[in-house]
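In what follows, a single structure is set out as structure tokens and then discussed.
The values are calculated or read from the model by the stated rules, or taken from the named source; none is laboratory data. Given the structure is predicted, the values throughout are model-derived calculations rather than measurements. Reconstructed Cβ throughout: ideal geometry from the backbone, glycine too, with neighbour counts over all protein chains shown.
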Amino acid sequence: MSTPIDPAAPQDLATRAVHTLKFLAIDAIEAAKSGHPGLPMGAADFMYVLYARYLRHDPSDQHWADRDRFIMSAGHGSSLLYALLHVAGYDLSIDELKRFRQWGSKTPGHPEVHLTPGVEMTTGPLGQGFATGVGMALAARMANARFPGLYDHRIWALVSDGDIMEGVAAEAASIAGHLGLGNLVYVYDDNRITLDGGIDEAFSEDVAVRFEAMGWRTQRIDGHDHAQIAAAYDAALAQSAKPTLILARTHIGHGAPNKHDTHKVHGEPLGKDENLATRRALGWTDETFVVPDDVRAHFAARAGKLAKVRADWTGHERAWLSANADKASLYTALRDRVVPADLLARLLEKLPPTNDATRALAGAIEQQVAALVPSLVGGDADLGGSTKTPIKDSPKVARDHFEGRNLRFGIREHAMGSLANGLGLYGMFIPFTATFLTFSDYMRPAIRLGALSKVRAVHVFTHDSVFLGEDGPTHQSIEHVSAMRIIPDVDVWRPADASECAAAWCAAVSRDDGPSELILSRQKVEPLPGDAAARAHGAARGAYVLVRETGDAPSLVLISTGSEVSVSVAVATRLAAEDGLAVRVVSMPSMEVFLRQDAAYRASVLPRGVRTASFEAGRTDLWWRFVGLDGLTLGVDTFGASAPASVLAEKYGLTAPQVLDRVRAWWRAG
């Protein structure tokens, strides 16, 4: 039997604290029989210095507004973050570390915000944490511009080789440098090893030179030398003109005698023999999940100091509000992201005329939303003139001018989606983005992560179908609405008129458990029958009966969205007049919202046993759940073509006479 080594053996406190973090991570991974020990062992030194001396946070109040935010962008290093959160004093017990990567634990394989105390964002897809942190830093600058003298915090992140290589990080880094986000401090764990081997097999650029060219301040250090680490942090805190990238040269698996600096330590447990050898090499006990008393006391003392800093800030907040009474109402509205309870009613008071494209209708409604919801901020991918989304009478955010509400993302959809997540996770702001629907492909990773993270964000996508016209199939959306709909916890809205646009905007800014997608047309939509307020309230439930059949029950139901709804109304009118059918028209602007309604409401809109057809100018696959196997789905299941919209409508069978013929033939064949 091996002889345990006393963790109180002569080592300085900092070394013992670093070893504590390493072995808590190692022990969690060994218990799970899976994980990534290499990064936690290599990054433990600079992470210890950060949490023990620099990070401004309070484990007893994880939502403190003036806290620093730390992002583990290299989410595979989660076991190190959990070890830090445990010893720092967050509500994360040693038992949770023992349940690493297990069902129901607070210590999943990659960090998840809203699950683990102290985790600021969900990470794992490399590059997303890097880019989202830029959004948080931007939000902090915007908060400072609105409430000068109230806040003094920074955004920190650990980024890896993989983060640095991903394209989304490059886009976000370019924005951060352009805006001079000096409140951003990223530590690059430069261990030069990836999952499959040495980094030099695929990556040979000078990272520092690239980042300096984008407007960053860089510094190279030994990532295991605490004096160099502290000096680099001090230098970052001493300036505010540029974001900082600290290139910390580290050794993956630092301390493992046989796996140190090898790719074998990246993504698999050390194993029994190497685990024991590492404990011998570092003078550590064989007992697992050990936190020496002096290390625990060391972090407890730090937590006590931070609690006082937070308490002092709370007093400062009261004094600031007293001295700035004119800003108190705005502060409350932003802090709580207040959305008026009667927002929809107030939007309905000023509906724009319907005979226009929904991008124009939604854009006009957005101006009213912006006037009533001061938290709303956002921008577009250099397409504001087309998406109709810039907020009027508000300046653009620029370097040293962060008081505006309009963001210039440039032609960077990847980063735009991630920055929106950062703005949303920061609190205070409700972000929106805008681009053409076909470019949602570039934003999909961020939208998915935003849904997983329950981010309140609004993504406006215009030019929604083949009706885009002459720009051709590269720009015409076919599968994109369906692609958005199949992401869990994403609400997709494709409104048909101004009243439905109002319902969509109201729902999107009010929702606090995930992102919403507004799918809007370039082509004009026709006015719909009935009362606008009734349509809006029906749309707010995801789907409603727009045209009710004559008689006691429908013999046929037509479901449509967006610009196709008016076509369905025309078809229903002719079927009723010429064929004597009792036809119901259902407008379904949001499948997801409709499916969350109670069963009785769903049945009142789509009664069972009634033949049903759907019509939407895109992929038809998802409509089978509503029409049934005997139903009819009309749409476009092939790529488009370059031609005027009117020609495309004819070629793809989307005109009212063509839809009428197909529905009639299907009904008669019945």
For segment 215-222, indicate whether the set of residues that are part of a helix (DSSP H, G or I) and touching a Phe, Trp or Tyr at 6+ places or on another chain (Cβ under 8 Å) is non-empty.
-> no
When you look at LEU528, is it touching a residue at least 12 places away in the same chain (Cβ under 8 Å), in a loop (DSSP other than H, G, I, E, B), more than 27 Å from ASP380 (Cα to Cα) and in contact with a strand residue (DSSP E or B) (Cβ under 7 Å, 6 or more places away or on another chain), yes or no?
-> yes
Within segment 182-201, how many residues turn out to be surrounded by fewer than 17 Cβ atoms within 10 Å (Cβ to Cβ) and touching a residue at least 12 places away in the same chain (Cβ under 8 Å)?
-> 5
Given (1) in contact with a helix residue (DSSP H, G or I) (Cβ under 8 Å, 6 or more places away or on another chain); (2) modelled with pLDDT of 95 or more, number of the condition THR550 does not satisfy | (2)
The residue from ALA498, ALA540, ALA504, ALA483 that alone is surrounded by fewer than 23 Cβ atoms within 10 Å (Cβ to Cβ), among the aliphatic types (A, V, I, L, M), in contact (Cβ under 8 Å) with a residue 24 or more places away in the chain and closer than 21 Å to VAL585 by Cβ is ALA540
Restricting to segment 62-98, what's the tally of residues that are touching a residue at least 40 places away in the same chain (Cβ under 8 Å), assigned to a loop (DSSP other than H, G, I, E, B) and either over 17 Å from LEU425 (Cβ atoms) or among the β-branched types (Val, Ile, Thr) (or both)?
-> 2
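Per-residue answers, yes or no, for (1) outside the structural domain of LYS396 (by TED's automatic domain parsing); (2) touching an Asp or Glu at 6+ places or on another chain (Cβ under 6 Å); (3) part of a helix (DSSP H, G or I):
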| position | (1), (2), (3) |
| --- | --- |
| MET142 | yes, no, yes |
| GLY149 | yes, no, no |
| ASP163 | yes, no, yes |
| ALA169 | yes, yes, yes |
| HIS178 | yes, no, yes |
| GLY182 | yes, no, no |
Any chance segment 289-301 includes a residue that's at pLDDT 95 or above, crowded, with 18+ Cβ neighbours inside 10 Å and not in a helix (DSSP H, G or I)?
-> yes
Quick one: which of LEU24, LEU50, LEU55, LEU13 is at pLDDT 95 or above and buried (at least 24 other Cβ atoms within 10 Å of the Cβ)?
-> LEU24
Note on segment 305-346: residues in contact with a helix residue (DSSP H, G or I) (Cβ under 8 Å, 6 or more places away or on another chain), of a type outside the set (A, V, I, L, M, F, W, C) and free of Cβ contacts under 8 Å to residues at least 40 places away in the same chain are PRO340, ARG346
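Residue-by-condition table, conditions (1) buried (at least 19 other Cβ atoms within 10 Å of the Cβ); (2) small (Gly, Ala, Ser); (3) out of contact with any Pro (no Cβ under 6 Å at 6 or more places or on another chain):
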{"position": "ALA319", "(1), (2), (3)": "no, yes, yes"}
{"position": "ASP326", "(1), (2), (3)": "no, no, yes"}
{"position": "ALA333", "(1), (2), (3)": "no, yes, no"}
{"position": "VAL339", "(1), (2), (3)": "yes, no, yes"}
{"position": "LEU344", "(1), (2), (3)": "yes, no, yes"}
{"position": "PRO352", "(1), (2), (3)": "no, no, yes"}
{"position": "LEU361", "(1), (2), (3)": "yes, no, no"}
{"position": "ALA370", "(1), (2), (3)": "yes, yes, yes"}
{"position": "VAL373", "(1), (2), (3)": "yes, no, yes"}
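Listed here are the residues, each with its yes/no results for (1) farther than 29 Å from GLU413 by Cα; (2) touching a Cys at 6+ places or on another chain (Cβ under 8 Å); (3) in a loop (DSSP other than H, G, I, E, B).
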residue	(1), (2), (3)
GLU317	yes, no, no
ASP326	yes, no, no
SER329	yes, no, no
THR332	yes, no, no
VAL338	no, no, yes
LEU351	yes, no, yes
ASN355	yes, no, yes
GLY363	no, no, no
GLU366	no, no, no
Here the qualifying pairs (Cβ atoms under 8 Å; residues six or more apart or on different chains; first in segment 250-265 and over 21 Å from LYS33 (Cβ atoms); second acidic (Asp, Glu) and in a loop (DSSP other than H, G, I, E, B)) come out as HIS251/ASP261
If you go through LEU282, LEU270, LEU245, the only one that is at pLDDT 95 or above, among the aliphatic types (A, V, I, L, M), within 27 Å of PHE130 (Cβ to Cβ) and buried (at least 17 other Cβ atoms within 10 Å of the Cβ) is LEU245
Checking TRP313 against (1) outside any helix (DSSP H, G or I); (2) surrounded by 18 or more Cβ atoms within 10 Å (Cβ to Cβ), which single condition isn't satisfied?
-> (1)
Pick from segment 512-525, criterion over 13 Å from VAL593 (Cβ atoms) and in a loop (DSSP other than H, G, I, E, B), ranking: nearest to the chain's Cα centre (by Cα) | PRO515
